1. Search the stretch 34-55 for residues being without any contact (Cβ under 8 Å) to a residue 40 or more places away in the chain and β-branched (Val, Ile, Thr), and hand back the single one that is farthest from Thr22 (Cα to Cα).
2. Scan the stretch 10-34 residue by residue and report those that are in a loop (DSSP other than H, G, I, E, B) and within 18 Å of Arg59 (Cβ to Cβ).
3. Restricting to the stretch 6-42, what's the tally of residues that are within 19 Å of the chain's Cα centre (by Cα) and of a type in the set (A, V, I, L, M, F, W, C)?
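Readers should treat all values here as calculations from the given coordinates under stated rules, not as data from a laboratory. Note that the structure is predicted; figures quoted are calculated from it, not measured. Reconstructed Cβ throughout: ideal geometry from the backbone, glycine too, with neighbour counts over all protein chains shown.
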Amino acid sequence: MERKSVKSSNIRSVGHDPETSTLEVEFTSGTVYRYDAVPAKVAAEMLEADSVGSYFARRIRGAYKGVKVEAAPAPAAPEVCTEPGGQCGTCPERPMLGQTCADVEH
């Protein structure tokens, strides 16, 4: 879901999906919570509020069930050739010692 950055000391960004009535709130800590059954009007009011954090505390927290969104796992680091002589199994014709496959043209 696309979120918009907001000016707040506690909230970094807010997004709303009107098709599912889902609100996502990213806090400055990086933690993201998803709230279900939040009307588009409430989400719009939150984005337009003078204090997004205060609006959240008054109208969202406690009124809608929040679920912490687990972060997607970080992408795996590219394989680096550590074979003596620089020949990895992926690129047997190219020396790759200390390089990743992305460093070598295939």
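1. Initial filter on the stretch 34-55 (without any contact (Cβ under 8 Å) to a residue 40 or more places away in the chain): 34-46, 48-50, 54-55.
Next, only the ones that are β-branched (Val, Ile, Thr) stay: 38, 42.
Details: Val38: 6, Val42: 11 Å.
Only one residue fits best here, namely Val42.
2. At the first step, the residues of the stretch 10-34 found to be in a loop (DSSP other than H, G, I, E, B) are 10, 18-21, 28-31.
Of everything in the stretch 10-34, those that are in a loop (DSSP other than H, G, I, E, B) and within 18 Å of Arg59 (Cβ to Cβ) turn out to be Asn10, Pro18, Ser21.
3. So the answer is 7.
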